[in-house]
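Taken together, the values in this text are just the output of simple stated rules run on the coordinates, not laboratory data. Since this is a predicted model, take the numbers as computed values, not measurements. As a convention, Cβ positions derive from the backbone with ideal geometry for all residues, glycine included, and neighbour counts pool all protein chains shown.
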Amino acid sequence: MSKNINSISLVLLSVVFFLLCIVPAYADGDYKYRLGDVNADGSIDIIDVVYLFKNRNLNYEDGDINADGSINIIDVVYLFKHYDQMREPIKYAENVKLTYYNENGNEVNPYNGESWSYKIFEDATGQKFLLMNKSQSVPTWADGKYDKILYVPLTNVITMSSTHIALMQPLNNDGSVIDSVNGVMWGGSYTWYFEDIEQGLDNGSIMDVGSSYSPMWENITSLNPQAVFVYPGYSGDAIIEKCKDLNITYIADSEYLEGSFLARCEWVKAFAAFYNKEDEAKQYFTRVDKRALNVNRKTHNSDFTVLVAWGKNYPSYGGTYVPKAQSYVTKGIIDNCHADYIFKDIPGTGSSKIDYETFAERAKDADTWIVPSSITLLSSFKEDHPGYTTFKSVQNGRLFCISPDYYQLGLMNTDEVLMDLGTIIHPEAFDGRTTHYFLSYNPDTGEATPYTAK
């Protein structure tokens, strides 16, 4: 009798184990539906939790909710605990303050299948914009909730940064978003990797309005823009003040202050609000979100002690700039790629300037060193980084720089950037994969080439 009971117990345990560890399919996810919307009904709710409990033979990108490389009961529990957060319009970006309303002034969520009529966006300086179509009347319920009205979609704007263009490109399915860009700062100073911007500058349909440090205000005022997209801090503050003096509407975004790669990329939803491109933003960001988490899955069981250095010395500016502990770069290294970072003890977002000696003391033991510049700015690398030949990363051929298009195309292709980052940190988890945005750098030859993981 006991033998039969033991046999039955073994069978039951085998069934339970099978249900918990159904092998998911290796394929792309369904990018029409957000991460968490596993039953593909356009909404993330408790029904998805029940569906995932009953159906775990999904693609990794759809069913591995906690991105640990498997689909099991842990994903069901994770979805149960987090589906409220996952259904929010803005999932990662803490600095995006965007609210949607229906005709009666009730808050709604277009990213969870609900219809909207109006939007209110608060920019990085605290300005509140009521976004509405020209055919609509100003609702009485909005009194006191906004400072300015902007009619959307916008048709005449100026951008301060190439990152603004990077966040507009995914929305440009019909050409109308980039067509609205009539002026760009740094137009003649950058090598542009967005062909439509380069062509516009060449044929005159887009005007170069100077650098952010020395804008051509005559050109800016002649364009009579509906809005100028700026960023706060650095040279942006002076532009904001000048816009105020000239009564030019400005919109300040702070994507560069976000705490993760995905949070920066999610600012695409803020830009979508100004162009009525919510559907395009949803499908684009769903794809990036699901694919970016593949790096978490691939590195989940990797060596967490692999040490990463990120920084470049600028003697003329008096020090080496390194990411702080809560910066998006550090989060990418630690949280996405499951590795360690040499300056995780410097609190804050953004970067910190330290003396080169402090940097070198820690960087010399790092397994991987990433220099956040392209080779065009590394002609004095040897002189700027004394003692670099003794660094472990250099001796082992693990010194990397970034591609020339990193700061333009990289933001738009955040999922690929994260996969590249994982590839150079944990090559054993990405065997055969070749990078684009992080390049193997040889200081002796001055060459930078794509890296293939082995």
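Using alpha-carbon positions, what is the distance between the centroids of the stretch 331-358 and the stretch 238-290, in Å? One Cα centre to the other: 25 Å.
How would the stretch 299-452 be classified by its alpha-carbon gyration tensor: rounded, prolate or oblate, with rounded meaning a/c under 1.5 and the a/b versus b/c comparison settling the rest?
On the way: a/c = 1.36, a/b = 1.17, b/c = 1.16.
Because its axes are fairly even, with a/c under 1.5, the stretch 299-452 counts as rounded.
Take the chain and mark each of the GluC sites (Glu not before Pro) that is in a DSSP loop with at most 15 other Cβ atoms within 10 Å; the longest unmarked stretch, sites excluded, is 115-454. From the phi angles alone, apply the Karplus equation (6.51, -1.76, 1.60; θ = phi - 60°) to the stretch 44-49 and give each ³J(HN,Hα) in whole Hz, x where the residue is Gly or Pro. Whole-Hz 3J(HN,Hα) from phi for the stretch 44-49: 9, 7, 4, 4, 5, 4. For the stretch 77-230, averaging the sequence separation of C-alpha pairs within contact (under 8 Å, six or more residues apart) and dividing by the residue count gives a relative contact order of 16 percent.
The largest-to-smallest principal axis extents of the Cα set in the stretch 97-260 are 47, 36, 35 Å. Maximal additional length on extending the Ile74-Ile149 stretch stands at 22.4 nm, based on 0.36 nm per residue less the C-alpha distance.
Please state the shape class of the stretch 197-330: rounded when a/c is under 1.5, otherwise prolate if a/b exceeds b/c and oblate if not, all from the C-alpha gyration tensor. It would help to have the intermediate numbers written out before the result.
Working: a/c = 2.41, a/b = 1.46, b/c = 1.66.
Note, shape of the stretch 197-330 comes out oblate.
Between the stretch 103-151 and the stretch 371-432, how many Å separate their Cα centres? Going from one Cα centre to the other spans 43 Å. Once backbone amide H atoms are built at 1.01 Å from N, Ile342 has Val308, Trp310 as its partners under 5 Å, excluding neighbours fewer than 5 places away on the same chain.
Provide the gained length on full extension for the span Ser235 to Glu88, in nm with one decimal, where the gain is 0.36 nm per separating residue minus the Cα-Cα distance.
Numbers: separation 147, 0.36 × 147 = 52.92 nm, distance 3.30 nm.
Residue separation times 0.36 nm, minus the Cα-Cα distance, leaves 49.6 nm.
Full extension of the chain between Gln395 and Thr449 yields a length gain of 17.7 nm, computed as 0.36 nm times the residue separation minus the alpha carbon distance.
Using C-alpha pairs below 8 Å separated by at least 6 residues, the relative contact order for the chain is 12 percent.
Between the amide H of Ser212 and those of Trp186, distances stay under 5 Å, these residues lying 5 or more places away or on another chain, with hydrogens modeled in the peptide plane.
The lysines within cross-link reach of Lys97, meaning a Cα-to-Cα straight distance under 21 Å and a gap of 8 or more places when in the same chain, are Lys119, Lys128, Lys145, Lys148, Lys269, Lys277, Lys282. The Rg/Rh ratio for the chain, using Cα coordinates for both the radius of gyration and the Kirkwood hydrodynamic radius, is 1.01.
In order along the stretch 382-390, the phi-based Karplus estimate (6.51 cos²θ - 1.76 cosθ + 1.60, θ = phi - 60°) of 3J(HN,Hα) comes to 4, 5, 6, 10, x, x, 4, 5, 8 Hz; Gly and Pro are listed as x. Remark: spin-label model distance Trp217-Glu107 equals 4.0 nm, labels positioned 7 Å along the Cα→Cβ axis.
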